[in-house]
Amino acid sequence: MNNRLAEQISYLLLRHSYVVVPQLGGFIREALPASYQHEQHLAYPPSAELHFSQELQHSDGLLEARYALLLGISLRRARLILEEEVKQLRHILIQRGQYQLPLLGTLELTGAGKINFVPYSSSKLLQGIAYGLSPLSLPLLQQETAAGSSEPLPKAHEAPQTERPSRDYIQLRIPKRVAAYAASIIILILSLIPWQQSPVTEQYFQAGFTPTPEAAQSLWGHSSLATQPKEEAPAAPADRGLRWGSSGDGRYYVIIATERGEERLLSYYEEARHQIEEPEAIVALRSRHSSTLRLAAASFDDAAAAYNYLNRLVKAHRAYSSSWVFHNK
């Protein structure tokens, strides 16, 4: 069997977030943003993770259209050729128990009839999103010694022995004692200047007073002043914290965002809970194998319900068109 199917899947994954192979499953490319590890002092460029979902069976038409364009045939002929290649792949997978997909990874058939996918860590498909960048070491700068400390500064902070005067500026060397005398004279002159030019009138000595209870009774007929009603403090907002799900619970989650930091994930949560109809169903997940954090709009017991919800979500909100279903197993 040739490698045309694997090559076209890799070609489409560089341009789309997922590709569905009819009668096999879907390959999902999950993009991860750049991050910084404080413990190791390493800055990581953007990266991606490759997943396979056997429940993703609805055809998106990408492979058929690619085959038709590549071979110069109609969509119907392209669909028949694609189905034949997938049939051969499944036959080899049943006979050998695994199948190698170049540039992608290895498909493995379990005893229960499930297909597992092990991606290549050195795949160019995953490295392409990093723009050729590699992790960069960014250690903390050495702090300078405090003032008055007997320890000398590092050599990198020492001033050069001789400095050449710049020709762009005029340098004047004024002794500190002369500068102190000049400042004292200026302060004395400023204190002798008559700044207040207008005469002082009675309005400067007018002041208000608070009447006593006896004076208030003689003037207004009552001894107590009306008190202003106290404004009640607004009630504290209810706690709307983000719920965290447990790993390996076997449920199907509709993923709407992927991040490596909790602050960015919380910002996505604040936006989603004002747009999604059931914000109480939003839940976050931590990956067991990496520092990946995922935000899910909802979770379900079976794949059919998850995909039905995904279709409704994409139709209602185009901003979530790149959402996908994750099986937390």
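The values are calculated or read from the model by the stated rules, or taken from the named source; none is laboratory data. Note that the coordinates shown come from a computational prediction; the quantities given were computed from them, not determined experimentally. Here the Cβ positions follow ideal geometry from the backbone for every residue, glycine too, while neighbour counts run over all protein chains shown.
Of the residues that sit in the range 92-119 and are in a loop (DSSP other than H, G, I, E, B) and touching a helix residue (DSSP H, G or I) at 6+ places or on another chain (Cβ under 8 Å), which one is modelled with the lowest pLDDT?
Checking each candidate, the answer is LEU103.
Check off (1) touching a helix residue (DSSP H, G or I) at 6+ places or on another chain (Cβ under 8 Å); (2) crowded, with 20+ Cβ neighbours inside 10 Å for PRO279 and give me the number that stays unchecked.
(2)
Of everything in the range 49-81, what is of a type outside the set (Gly, Ala, Ser) and at pLDDT below 85? Give them in sequence order. Working first, answer last.
Of all residues in the range 49-81, those of a type outside the set (Gly, Ala, Ser) come to 49-52, 54-58, 60, 62-64, 66-67, 69-71, 73, 75-77, 79-81.
Selection gives GLU49, GLU55, LEU56, GLN57, HIS58, ASP60.
Taking the stated definitions as given, is ALA159 at pLDDT below 90, of a type in the set (Gly, Ala, Ser) and farther than 24 Å from PHE326 by Cβ?
On the way: at pLDDT below 90: yes; of a type in the set (Gly, Ala, Ser): yes; farther than 24 Å from PHE326 by Cβ: yes.
So ALA159 fits the description; yes.
Please count how many residues of the range 6-28 are surrounded by 17 or more Cβ atoms within 10 Å (Cβ to Cβ) and either hydrophobic (A, V, I, L, M, F, W, C) or assigned to a strand (DSSP E or B) (or both).
Count: 13.
Give me the residue from the range 247-271 that is among the basic types (Lys, Arg) and more than 15 Å from ALA298 (Cα to Cα) and, out of that set, modelled with the highest pLDDT.
That would be ARG264.
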